[in-house]
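So the structure is just underneath, and the comments pick up after that.
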Amino acid sequence: MPDNRVITSADVAREAGVARSTVSRCLSGDGRISEETRQRVLETAERLGYQINQIARSMNRRKSDLVGLVTSGLEDPFRVQFLHHLISAIQKIGYRPLVIDVSEPEHMSRSMLHLLQYQVAGVVVTSGSPSPEIGQHFIRRNVPVVLVNRAGLLEGADVVNCDNEAGGRLAAEALLAAGKRHLGFLNMSGGTYSGNARGEAFVAAIAPRLASGEVRFTPLGCRSADYDGGFQAGLEILGRPDAPDGIFCGKDHIALGLMDAARFELGLKIPQDLAVVGFDDITASSQRAYGLTTIRQCAEDLAELTVSRLARHISGPEGGAMARAVLPVELIRRTSA
């Protein structure tokens, strides 16, 4: 009959001729263990088929190897790209991602508290804004929190944002260089922190020309921050006699919908009749069907920057004080502006 007995660290210690504590130190990467002993223990563990009991280990250490990822749905193309790289970056440093969906904002506090039950080593918040009270639950337990493209109102949390201000300025320069004089900024009504910051920077960049009367500006809104939102906004806005001839969209996804409404429903030519600039540089933006001029925030670089901040704090107090980090952006010129 097959031996179904569970192999324990005591079995490995006995077989390798070392103390049980030595097995634990070897498997945790303790630098005080000689390389000869480490190899003997690791080879013995592999031969016996020993598997670390992560649940018991996290109970002993009062911290697991899990990192909580707080997100909101997987419909947004840039969020999907970012999460892909974020999960990969977390695994590279020896941790495992635990993703929770907060598509319903009213459930965020409860979902965040659930993460504490898993004794997570850290939390990355990519959607929604946790309340200060919730944040304090993590901070009191020395669980680092990193907010990504959020307002950063959580005391004690790191904040990683792309350079929204530079992005808004670059978009304005691109539309002005294209000879457009009636400009608009299109984003979901109410907006997010990032979208609002991009729009404010865009308006600030064209302010001198607004004051001189050289250009005009019209704030624009869409019902949702996605393709359908951009498409419907295009039908409503671009059919007006005095529609803008240059529009900066808070996200690429919105811009693609706007472009399709302009071309296929209203018969407008891009960029002759309407120049469009997006933000994110999602995969579809580079396809020939769109050729969207956009502001690129690199999803992979954003993930690496986020995880590097998180890893510094997981490593202990020496990881440094909580701080803000900004990811540079760049203008990607294509055919829409």
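The values are calculated or read from the model by the stated rules, or taken from the named source; none is laboratory data. This is a predicted model, so every value here is computed, not measured. Cβ sites come from the backbone with ideal geometry, for glycine too, and all protein chains shown count toward neighbours. Surface areas here come from the heavy atoms of the whole protein model, side chains and all, with no ligands, DNA or RNA. Shrake-Rupley method; radii C 1.70, N 1.55, O 1.52, S 1.80 Å.
Helix-only mean residue ellipticity at 222 nm, the chain, DSSP H runs n ≥ 4 weighted -39,500 (n - 2.57), per residue, nearest 500. What is it?
It lands at -13500 deg cm²/dmol.
Could you derive backbone 3J(HN,Hα) for the range 87-104 from the dihedral phi with the Karplus parameters 6.51, -1.76 and 1.60 (θ = phi - 60°), listing whole Hz in sequence and x where the residue is Gly or Pro?
Each residue of the range 87-104 in turn: 4, 4, 5, 5, 5, 5, 8, x, 10, 10, x, 10, 8, 10, 9, 10, 4, 9 Hz.
Could you calculate the FRET efficiency of residue 117 with residue 47 from 1/(1 + (r/R0)^6), where r is the beta carbon distance between them and R0 is 51 Å, rounded to 0.05?
So, using R0 = 51 Å, E works out to roughly 0.90.
Antiparallel as a % of all DSSP beta bridges within the chain, to the nearest 5?
Working: 3 of 41 bridges.
Percentage antiparallel, nearest 5: 5.
Give me a comma-separated list of calculated 3J(HN,Hα) values for the range 239-251, in order, Karplus coefficients 6.51, -1.76, 1.60 applied at θ = phi - 60°, integers in Hz, x for any Gly or Pro.
x, 6, x, 10, 6, x, 9, x, 10, 9, 9, x, 8
Long-range amide H contacts for residue 249: which residues qualify at under 5 Å (H placed 1.01 Å from N, peptide plane, sequence gap of 5 or more or a different chain)?
Amide H to amide H, under 5 Å and 5 or more residues apart or across chains, residue 249 pairs with 186, 277, 278.
Helix 193-212 versus the longest principal axis of the chain: what angle, 0 to 90°, nearest 10, using Cα atoms?
Once rounded, one gets 30 degrees.
Among 20, 240, 140, whose mean-square fluctuation peaks in a Gaussian network model of the chain (Cα, cutoff 10 Å)?
For the chain, modelled as a Gaussian network with Cα springs under 10 Å, the answer is 20.
Report relative contact order for the chain in percent, whole number only (criteria: Cα-Cα under 8 Å, sequence separation at least 6). Before the final figure, lay out the partial values.
On the way: 621 pairs, mean separation 53.1, N = 337.
Taking the mean separation of contacting Cα pairs over the length of the chain, I get 16 percent.
Pop out the ³J(HN,Hα) list for the range 161-167 in order, Karplus 6.51 cos²θ - 1.76 cosθ + 1.60 with θ = phi - 60°, rounded to Hz; leave Gly and Pro as x.
10, 6, 7, 4, 5, 5, x
List the aspartates and glutamates whose alpha-carbon lies under 16 Å from that of residue 92, not counting same-chain residues fewer than 8 positions away?
Straight-line reach from residue 92, under 16 Å: 65, 300, 301, 304.
Ignoring everything but the protein chains, give the 1.4 Å probe accessible area of residue 50 in square angstrom, nearest 10.
The accessible area comes out at roughly 40 Å².
Assuming R0 = 56 Å, can you tell me the calculated FRET efficiency for the pair residue 39 and residue 151, based on Cβ-Cβ distance, to the nearest 0.05?
With a Förster radius of 56 Å, E is 0.65.
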